[in-house]
Amino acid sequence: VFVGFMGAGKTGAARAIAAELGVRPLDTDEALERDLGMPVERFFDSRGEPEFRMREEELVSKVLDEAQPGEVISLGGGSMSSRQVRDAVRRHRVLWLDVSLEDAWHRAAGRGRPLARDRDRFARLHAEREAVYAEEAHVMLPAGDRGMVRRALPSILALDEAPEATRLVWATSASGDYPVFVGEGLLASGFWPRAGRRFAVTDENVGALVGPLLAGCDGVVTLPPGERHKTIASAERVWRELAGAAMARGDDVVAVGGGVVGDLAGFCAATYQRGVSVVQCPTTLVAQVDSAYGGKTGVDLPEAKNYVGAYHQPSAVLVDPAVLASLPPAERAAGYAEVLKTALIAGGALWERVRAGAAGTEPEVVLACARTKLAVVSRDERDAGERQILNLGHTIGHAIETVTGYGRYRHGEAVALGLLAALRLSGQPELRDEVAELLANRGLPTRLDAGTDADAVLAATKRDKKRRSGASVPFVLVEAPGEVRPGCAVPDAEVLAAVTELAA
Ligand SMILES: NC(=O)c1ccc[n+]([C@@H]2O[C@H](COP(=O)([O-])OP(=O)(O)OC[C@H]3O[C@@H](n4cnc5c(N)ncnc54)[C@H](O)[C@@H]3O)[C@@H](O)[C@H]2O)c1
């Protein structure tokens, strides 16, 4: 059952999927027009919205109650406002075509649609209904491309094999699409959405936790844990073990672990035989809310972090929030810093949930963070502009990691400090205080160790990869939650002051 806002393209998507499945699609708006005996707009204008909604609720509920397995149905955008319809739709597979406000307005305005005449009202309705679709959808697809809906079909059908509450987000980027499955119990369930042989890369801490997943693999490379092993030496070990196990094109590398394993295994997959598929199975909060998506892979050099790498989008991501239960508190806290960063970027419902005390490990919060990152990457895969907003707090965070030898702070802890510095540079003292309190509540550092060399941190920011030659390092600044600006020039003296304040 396709749901979504006006102008999302539900009818076209339903036709495309129905054609693939060899069935006839049913459009409830068309059925309703036949039932009303006039166009929806005319009934709406002559009899008013309440009567229209009553007739719509009656017809849509009946269609959903009588629907047989295998049918493809598209619902009118407003019908999900009815509780009765929501109760009925839940028994089916609900596919949300997610259209941005701008695109929806562009497509719907000026076409006689009664609810697309006033832009402010349209925007309010978009926000209200988005919350309903997000709650009910099993599958979240970006609107706009019928070919994409067809490509997603095997993953949509694969959901039948996944644990009950698993949801699917379809990720898009310039270099390719992939499914992101999010469900508790996913990694222990035996669910696997791909054909072909699998070769896992994991670390010593994680291997023991995901026995059934590794048992399904044709080979397992187990590395020592930690950032210090995100090196070219580890990559060589992985390449050679894959070669020794005769891994071939068409097989999958499976990255099972935190961001270190994900970045390293992704890099090995990008380069082994000039590129093989990688499936990311993130097991830390950092990896589930951030690093598993978007295709940045790589290793560190002693000179600077993440300095050697490649863009390589995963073939699929399997996210199981249940595995976070074994995460040590300090690692959970480190992940919380990325959750908070993502919430500041997203604003809206995610920010409100986080500032109200969410831990970040809740499946809905993990999902919302993943969707935030995926939406940014889909618009700018290669950091040409907008993607840089994901670097909020990272310019100084990475510099702190480098200066302290990658051993003193976890990545997320350094990001926590970097966020506070970025909020100072943004001239947001109240927001900085609020964020500092949220970080402190999770046991994250809000002060840099006394004695950390602020000049060295400043110097390390200048080696940031986002810097173009000759130009200053671009910082990401926050105007308000949900309003962040990439590419901001900041004088050295201010950066130094922000770092010195952290160490005060
Ligand atoms: N590629 C990207 O876009 C991106 C984004 C953010 C961060 N990163 C990278 O991610 C890395 C940090 O990732 P991380 O914080 O996940 O660190 P990590 O991979 O080192 O994992 C942290 C620790 O948790 C252990 N662990 C993992 N899963 C566990 C589980 N379920 N239960 C118990 N222990 C578990 C690991 O063995 C490790 O000791 C950094 O290298 C950072 O640069 C990359």
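A few notes on this one:
- Accessible surface of the chain [probe 1.4 Å, protein heavy atoms]: carbon and sulfur percent: 49 percent
- Distant-in-sequence amide contacts of V221, defined by a placed amide H-H separation under 5 Å and a gap of 5 or more residues or a different chain, comprise A200, V201, T202.
- Length released on extending from R90 to A131, taking residue separation times 0.36 nm less the Cα-Cα span: 13.2 nm
- About its Cα centre, the dipole of segment 294-408 is roughly 140 debye, where the only charges are +1 on Lys and Arg Cβ and -1 on Asp and Glu Cβ.
- Using R0 = 25 Å, the C-beta based FRET efficiency linking E494 and A330 works out to 0.20.
- Remark: segment 198-244 carries 48 Å² of accessible area per residue (probe radius 1.4 Å; ligands, DNA and RNA excluded).
- Shown in residue order for segment 26-43 are the 3J(HN,Hα) couplings computed by the Karplus curve 6.51 cos²θ - 1.76 cosθ + 1.60 at θ = phi - 60°: 10, 10, 5, 5, 5, 4, 5, 4, 5, 5, 6, x, 6, x, 3, 4, 5, 4 Hz (x for Gly and Pro).
- At an R0 of 25 angstrom, the distance between the Cβ atoms of Q68 and E33 translates into a FRET efficiency of 0.65.
- Eligible lysines near K462 by straight Cα distance, threshold 30 Å, same-chain separation 8 or greater: K230, K296, K305, K341, K373
- With the helix formula -39500 (n - 2.57) applied to DSSP H stretches of n ≥ 4, the chain reaches a computed 222 nm mean residue ellipticity of -14000 deg cm²/dmol.
- Low-density loop positions, trypsin sites (Lys or Arg not before Pro), segment 233-314 - DSSP coil, at most 14 other Cβ in 10 Å: R249
- Per residue accessible area in Å² of segment 2-98, where ligands, DNA and RNA are left out and the probe is 1.4 Å: 48 Å²
- Extension gain, R463 to R249, is 73.5 nm, computed as 0.36 nm per intervening residue step minus the present C-alpha separation.
- Annotation: segment 347-475 has a Kirkwood hydrodynamic radius of 15.9 angstrom, from the mean reciprocal C-alpha pair distance.
- Length released on extending from E501 to R121, taking residue separation times 0.36 nm less the Cα-Cα span: 132.3 nm
- Surface per residue (accessible, 1.4 Å probe) for segment 409-504, Å²: 46 Å²
- Relative packing of 472-484, 57-69, which averages over residues the other C-beta atoms within 10 Å, highest first: 472-484, 57-69
The values are calculated or read from the model by the stated rules, or taken from the named source; none is laboratory data. Note that the coordinates shown come from a computational prediction; the quantities given were computed from them, not determined experimentally. With ideal geometry, Cβ positions are generated from the backbone for all residues, glycine too; neighbour counts draw on all protein chains shown. Calculation scope for accessible area: heavy atoms of the full protein, side chains included, ligands and nucleic acids excluded. Shrake-Rupley method; radii C 1.70, N 1.55, O 1.52, S 1.80 Å.
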